[in-house]
Amino acid sequence: MSAIDDSAMIFRYLLQDVTPKEQEEIERRYFSDPEYLALLDAVEGDLIDAYLRRELSRAHHRLFEDNFLSTRARRERLKMAEALHRHLPQPKTDRRFLYAIGVALLVLAAAAAWWLEKLF
């Protein structure tokens with residue numbers, strides 16, 4: 001299994017959205033493999049960040065609140081992450097950058113149309 005597959009499986013595990021067999025395999029791996037346990041911890045952090053940034057789908061948001069937050073330790077970790085998020089600058093989309101991309105796409109479309117006209 002690749003790291004991406006492992007991360008996706010752990011993501012589902014943390015939301016309690018895995019089969020009993022998958023749960024057993026994940027738990028066996030993180031008890032026996034320190035690197036896998038570190039990956040689980042990283043995915044848990046990413047999941048909390050995604051929740052705080054409102055990047056989870058509606059279904060994952062519900063699973064997060066219903067299942068992930070079922071332990072005191074996870075609720076405490078969320079509180080710490082919330083405090084950290086409040087004090088960090090939030091990234092903002094620069095409208096000038098989006099405008100520049102739009103202009104570049106229009107120029108490319110015009111150039112392609114001109115080139116196609118010359119060919120035919």
Report summary line: The correct pair for the chain, radius of gyration to one decimal and Dmax as a whole number, both in Å and from Cα atoms, is 21.7, 68
**Report entry** Separation of the LEU106 and PHE120 label points, Cα + 7 Å toward Cβ, nm
**Finding:** 2.5
Report task. Go through the stretch 46-58 residue by residue and turn each phi into a ³J(HN,Hα) via Karplus (6.51, -1.76, 1.60, θ = phi - 60°); whole Hz please, and just put x for glycine and proline. Result -> 5, 5, 4, 4, 4, 4, 5, 8, 6, 9, 7, 5, 4
Report task. Step through the residues of the stretch 103-117 one at a time and calculate ³J(HN,Hα) from phi using the Karplus curve (6.51 cos²θ - 1.76 cosθ + 1.60, θ = phi - 60°), rounding each to whole Hz and writing x for Gly and Pro. Result -> 5, 4, 5, 5, 5, 4, 5, 5, 5, 5, 4, 4, 5, 5, 5
Report task. Relative to the longest principal axis of the C-alpha atoms of the chain, give the angle of the C-alpha long axis of helix 3-14, reported between 0 and 90° and rounded to the nearest 10°. Result -> 60
Report summary line: Probe 1.4 Å, all chains present, heavy atoms only: LYS118 accessible area in Å², nearest 10, is 130
Report summary line: Computed ³J(HN,Hα) along the stretch 66-82: with the Karplus parameters 6.51/-1.76/1.60, θ = phi - 60°, integer Hz and x for glycine or proline, the list is 7, 10, 4, 7, 7, 10, 4, 4, 6, 5, 5, 5, 5, 4, 5, 5, 4
Requested in this report: Could you please report the charge total around THR71, scoring K, R as +1 and D, E as -1 over all other residues with beta-carbon less than 15 angstrom from its beta-carbon?
Outcome: -1
Report task. Describe numerically, in nm with one decimal, the distance between label points set 7 Å from Cα along Cα→Cβ at PHE31 and at ARG58. Result -> 3.9
Query raised in the report: Which FRET efficiency value, to the nearest 0.05, is calculated for MET80 and ILE4 with the Förster distance at 30 angstrom and r the Cβ-Cβ distance?
Result: 0.65
Query - Accessible surface ranking that places the most exposed of ARG12, ARG72 first, with a 1.4 angstrom probe - result: ARG72, ARG12
Report summary line: Two pseudo-spin positions, 7 Å from Cα along C-beta at ASP17 and at ALA113, lie apart in nanometres by 4.2
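The values are calculated or read from the model by the stated rules, or taken from the named source; none is laboratory data. Since the model is a prediction, treat every value here as computed from it, not as a measurement. So basically every Cβ, Gly included, is an ideal-geometry build from the backbone, and we count neighbours across all protein chains shown. With ligands, DNA and RNA removed, areas are computed over all heavy atoms of the protein, side chains included. Shrake-Rupley method; radii C 1.70, N 1.55, O 1.52, S 1.80 Å.
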